Structures are given as structure tokens and as C-alpha cells.
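*Asks:* Take a look at this one; I'll ask things after.
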Amino acid sequence: MKNTFGDNLAITIFGESHGEYIGVVLDGLAPGIEVNDETIRSMLELRRPAGRISTTRVEMDEYRIVSGVFEGRTTGTALTIIIPNTVQRSKDYSKTRPIPRPGHADYTAYAKYHGFEDYRGGGHFSGRITAAIVAAGGIVMPALNKKGIYIGSHIKRCAGVNDRDFNDYLEDIDTLSSSSFAVLDSDAKEEMISRAEAAAREGDSVGGILETAIIGLPAGLGEPWFDSIESRLSHAMFGIPAVKGIEFGAGFDMVDARGSEYNDPFRMNGDRVVTTTNNNGGINGGITNGMPVLMRLAVKPTPSIYKKQESVNMFEGVNADLVIEGRHDPAIIHRARIVADSLVAVVIYDIMAGRYGTDYFAGSKEDK
């Protein structure tokens, strides 16, 4: 029953949706990393609900860093961030306590924790906890940026509408960094939102695909077999609520192709080895080859919907129908993308610290 991930940089999340606080501990950060409140707040803002396709529960996420930072820099000891919950409405969940929501973790949490779990708002399984992950990303992401590593995700597909592919990676990532609905094609954005709003009016929800690019990684990161780049990223990404699938590079689109179509030819670009295509998503044998790492996540439709659904009464052992109350997102993909970016940043930091040493990201006195 652990909530920690990582080796050289370990991230631990804690809290429940309707508890007093949620939070995160980052253990293993190098000393001297600059901590910028503006960066953390701007990233949390990208996760916050917005518009008719989001929940009406809007938390201000007034976080506090209670350890591991002194005079604006990391100390090298465990960094702890707490975020208060301030707008809970627990009564929305008490009436349907015995009846688990289809597609949600209500039943499996009851089975695992024997009824002692905090069920309100999904408890520890709630997407609310991802705010803590984003706050952690606000610490780690700038450290990667200083090493020339940039991470960005866009909504590749939502409600049956496709966005364009990445073109100029650095320019596109910069554009996405300030977008509350991270789409590269404005026409696709409008249609996605329109279809999500239509689903919301019917008491339903939509899902989609997030596409993430990681640029600036050197060749040689990752281990063969069980600690490959794909393995480590996949392990972390499946910790994000609603993620049900992952692929790298061309992924499943190339399963019926031939090797001559799928292989990425190597060429020299000055003194640098590059590939002329990137069907393998910047990874060969579980190890980075220096090209952009490209990853896609399947995000399922939000399970909390307002339509009547079939369920059971766990306490009485009978079938039951369920109509939920409360405040729920008809789409979460636009909020999930900054969560993906943040968790990717933590994984990449962890891998690079293992490769180059835990002081690789350390600041210097000249930085002060």
C-alpha cells in the first residue's frame, strides 16, 4: 500500500479529495535548484477547471512548501508541498455510499481497504490528487529546462476530432506551455470543445489521446529490458487517473507495416547521429537515441456521468441503479495534459540523476 515512485528522485503523494490537505514529497532533489512560485502557480492554473467542459469545483490551490527550500533554493533534503482542500461538498457522496460508480474505483477501493477508505469524492483515487503532482512538476520542470530538455503535450484527439501533429517541436511546446486547452490547430480546438459540451448537455462525457514530446534528451538514457525508457514512463503514466493505454513513436499504427517502412534510417548531421524518420519515438532497445521521445496516452471518458447506470448495493448484496450528484468533469483530458507533463519531468529527472549522478542538477553559489 505504497504511494511512492522513483529511485534517485522519489515522489510520494498523499491525501484525499475531501480531506484537509493533499500533498507531495520529493526526496532526492539536488541542492541549489531554483524554486519559482510563478512557475508552480502557472502550471497549477493549467490543471484548474475552466469552462463548461470542467467541474464547477474550483480550488485555488494555495500551496505551501513546508520543507526542503531555503532562500528560494532546494536544500537537498526532502521537499514537501501541501495544498488545502477548501470547497468540498461531501454530502453529495453520502447518499450513494453503498452503490459504486461504474468505471470508477469505488468498488475496488472498498475491496482493497475493507471499507475503511475515505470514499468522498473518490478519496485517494480522485483526480484532485494530481494537483500535488503538478506542483512537483513546477519544481522539476525548470531544472530540466536549464539542461536544454523540454516537455510538452497536446490533445491529439478528443471526442473524435484530431489535432495536427507536432511540427517545430520547440516552438509548439512553447505555444502549449501557456494554453489552457492544449491544441495546436485552432479549428480542431473549437470542434473538440463543441462536442465535449454536447456530451455534457446529455449528462455524458468524452475521452481522447494526449501526445507528449520530450526534446533535448541525450542518446544513451535508459536500461535494456525492465528499466527501459518505455518501461519507466509507462509505469508512471498509468498512475494518472483515466489513462488506459500508451504507445511510443508510430506505435500500433505500424503493426501491419514492413520493417523497411518502420525502421528509422541513421544519418550524420555534422558530428551528430540522427534518424531521418522517428517511427520508434526516439527509443531503440529501451534506450534514447537522441531524437525526440514521442509518447501517446489513451485517456478514457470521465466515469462520473449523470446518466442512470446499472450498479449494485455492496452492503445489501443486490442490484441497484445509480444516478449521481456532485460536480464532475465531462472531459478531463485538457486538465490531464499538465499532469502528464509534470510526471514525465519527474521520471526524466530520476533517470538522468541515475545516469549522471544526483548532483547533475545542482545549482552553484554563482547562481545565487
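*Asks:* Residues of segment 196-240 being in contact (Cβ under 8 Å) with a residue 40 or more places away in the chain, part of a helix (DSSP H, G or I), among the small types (G, A, S) and under 19 Å from N289 (Cα atoms), which ones?
*Replies:* Matches in segment 196-240: S231 only.
*Asks:* Now a separate question. Select from segment 231-253 the residues that are of a type in the set (D, E, K, R) and either modelled with pLDDT under 95 or under 19 Å from I11 (Cβ atoms) (or both) and list them in ascending order.
*Replies:* R232, D253
*Asks:* While we're on this one: Assuming K95 fulfils every condition listed in (1) within 27 Å of A331 (Cβ to Cβ); (2) without any contact (Cβ under 8 Å) to a residue 24 or more places away in the chain; (3) surrounded by fewer than 16 Cβ atoms within 10 Å (Cβ to Cβ); (4) not small (G, A, S) apart from one, which condition is it?
*Replies:* It fails just one condition, (2).
*Asks:* Turning to a different aspect of this structure: What are the pairs, 6+ residues apart or on separate chains, where a residue within segment 72-83 that is closer than 12 Å to G15 by Cβ has its Cβ under 6 Å from a residue that is among the charged types (D, E, K, R) and not in a strand (DSSP E or B)?
*Replies:* Listed by first residue and then by second, the contacts come to I83/D61.
*Asks:* Sticking with this one: Where the second residue is buried (at least 16 other Cβ atoms within 10 Å of the Cβ) and the first is of a type in the set (S, T, Y) and lies in segment 160-174, which pairs have Cβ atoms under 7 Å and are six or more apart or on separate chains?
*Replies:* Y169/A213; Y169/I215; Y169/P292
*Asks:* Here's a follow-up. Return yes when K308 is under 25 Å from G137 (Cβ atoms) and basic (K, R) and no when it is not.
*Replies:* So K308 fails the test.
*Asks:* Picking from I332, I324, I351, which residue would you name as being buried (at least 16 other Cβ atoms within 10 Å of the Cβ), over 29 Å from E247 (Cβ atoms) and either in contact with a Leu (Cβ under 9 Å, 6 or more places away or on another chain) or in contact (Cβ under 8 Å) with a residue 24 or more places away in the chain (or both)?
*Replies:* After ruling out the rest, the residue left standing is I324.
*Asks:* Give segment 132-149 a look and list any residue that's touching a Gly at 6+ places or on another chain (Cβ under 6 Å) and crowded, with 22+ Cβ neighbours inside 10 Å, or say none.
*Replies:* The answer is A132, and nothing else.
*Asks:* Now, a different point. Any idea which of V58, V66, V25 is part of a strand (DSSP E or B) and over 22 Å from D350 (Cβ atoms)?
*Replies:* Just a single option satisfies the conditions, and that option is V66.
*Asks:* Residue check: is I81 crowded, with 16+ Cβ neighbours inside 10 Å, at pLDDT 95 or above, part of a strand (DSSP E or B) and of a type in the set (A, V, I, L, M)?
*Replies:* So I81 passes the test.
*Asks:* Quick one: F315 ticks every box in (1) in contact (Cβ under 8 Å) with a residue 24 or more places away in the chain; (2) of a type outside the set (K, R); (3) crowded, with 16+ Cβ neighbours inside 10 Å; (4) out of contact with any helix residue (DSSP H, G or I) (no Cβ under 9 Å at 6 or more places or on another chain) except a single one, so which number is it?
*Replies:* (3)
*Asks:* Continuing with this model, one more query. Out of L210, L221, L233, I need the residue that is farther than 24 Å from L44 by Cα and of a type outside the set (D, E). Which one?
*Replies:* L221
*Asks:* Within segment 229-247, which residues are polar (S, T, N, Q) and in contact with a strand residue (DSSP E or B) (Cβ under 7 Å, 6 or more places away or on another chain)?
*Replies:* Scanning segment 229-247 gives a single hit, S234.
*Asks:* Got at least one residue in segment 199-215 being surrounded by fewer than 20 Cβ atoms within 10 Å (Cβ to Cβ), at pLDDT 95 or above and among the charged types (D, E, K, R)?
*Replies:* no
*Asks:* Can you name the condition, by its number, that V183 falls short on among (1) crowded, with 22+ Cβ neighbours inside 10 Å; (2) among the aliphatic types (A, V, I, L, M); (3) part of a loop (DSSP other than H, G, I, E, B); (4) touching a Ser or Thr at 6+ places or on another chain (Cβ under 8 Å)?
*Replies:* The single condition V183 does not satisfy is (4).
*Asks:* Here are some conditions: (1) in a helix (DSSP H, G or I); (2) over 18 Å from the mean Cα position of the chain (by Cα); (3) touching a residue at least 24 places away in the same chain (Cβ under 8 Å). V140 meets all but one. Which one does it not meet?
*Replies:* (2)
*Asks:* Here's a follow-up. Determine which single condition M43 fails, assuming it passes every other condition in (1) under 19 Å from the mean Cα position of the chain (by Cα); (2) within 29 Å of G354 (Cβ to Cβ); (3) in a loop (DSSP other than H, G, I, E, B).
*Replies:* Condition not satisfied by M43: (3).
*Asks:* Then there is this: Could you please let me know if D227 is out of contact with any Lys or Arg (no Cβ under 9 Å at 6 or more places or on another chain), surrounded by fewer than 19 Cβ atoms within 10 Å (Cβ to Cβ) and within 21 Å of L9 (Cα to Cα)?
*Replies:* Yes.
The values are calculated or read from the model by the stated rules, or taken from the named source; none is laboratory data. All of these numbers come straight from a predicted model, not from anything done at the bench. Backbone-built Cβ (ideal geometry, glycine too); neighbour counts: all protein chains shown.
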